[in-house]
Amino acid sequence: MTPPKLGRPLSLLVVLLFLSSAALPAGRDGADQMEFGVRAAKKGLWREAQFRWERALKLSPENPRILNNLAVACETIGNFEKAAEYYKEALRFAPDNRDIRQNHDLFAGYYKEILAHKEMEADRDHPPGGAEAAGQSEEGQPAAEPEEKPPDASPR
């Protein structure tokens, strides 16, 4: 079974990238990195965008827009744990920002689906009850067949 597609939720997440970026207190270099990241993301160069936004974040570590953009980049390239961290930080600095909250909520729903999918696959690969439930002994050998009693046998 393949993991769910990003589809529509990702397209909504990307919308924020195209909004004009806020001026960064660290000066023009941070703003340049932010803009460069946005241009890279528009071209689908998410690792480059991530790299640029990480540089901008070093200059302005409490900028929620940079944190949000990094979260979107990490989500897009499949680093969901890091995306969750960036969203959490972005919301810490801007808890009332509607765009960041919307991106986080869309991500959280999608991430739950991913985790559920991974759990289903793990359950399929490792059935509950261990090796005996899978028809094997602890050594990985086929489990011995249980003794069958004849239908009219009395209890022992």
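The values are calculated or read from the model by the stated rules, or taken from the named source; none is laboratory data. Note that this is a predicted model, so its numbers are computed, not measured. Methodologically, a virtual Cβ is constructed for each residue, glycine included, from the backbone with ideal geometry; neighbour enumeration extends over all protein chains shown. For the accessible areas, the whole protein counts, side chains as well, though only heavy atoms, and no ligand, DNA or RNA atoms are used. Shrake-Rupley method; radii C 1.70, N 1.55, O 1.52, S 1.80 Å.
Before moving on, here are some points about what is shown:
- Gained length - L115 relative to R39, 0.36 nm times residue gap less alpha-carbon distance: 24.3 nm
- For I66, the shell of other residues with beta-carbons less than 12 Å away shows a net charge of 0, using +1 for Lys and Arg and -1 for Asp and Glu.
- Note on I77 and D123: the extension gain reaches 14.0 nm, defined as 0.36 nm multiplied by sequence separation minus the Cα-Cα distance.
- Percent carbon-and-sulfur accessible area, segment 23-84, ignoring ligands, DNA and RNA, probe 1.4 Å: 51
- Full extension of the chain between E62 and R101 gives 12.4 nm of extra length, using 0.36 nm per residue less the Cα-Cα distance.
- Entry comment: accessible area of segment 33-84 is 45 Å² per residue, from protein heavy atoms only and a probe of 1.4 Å.
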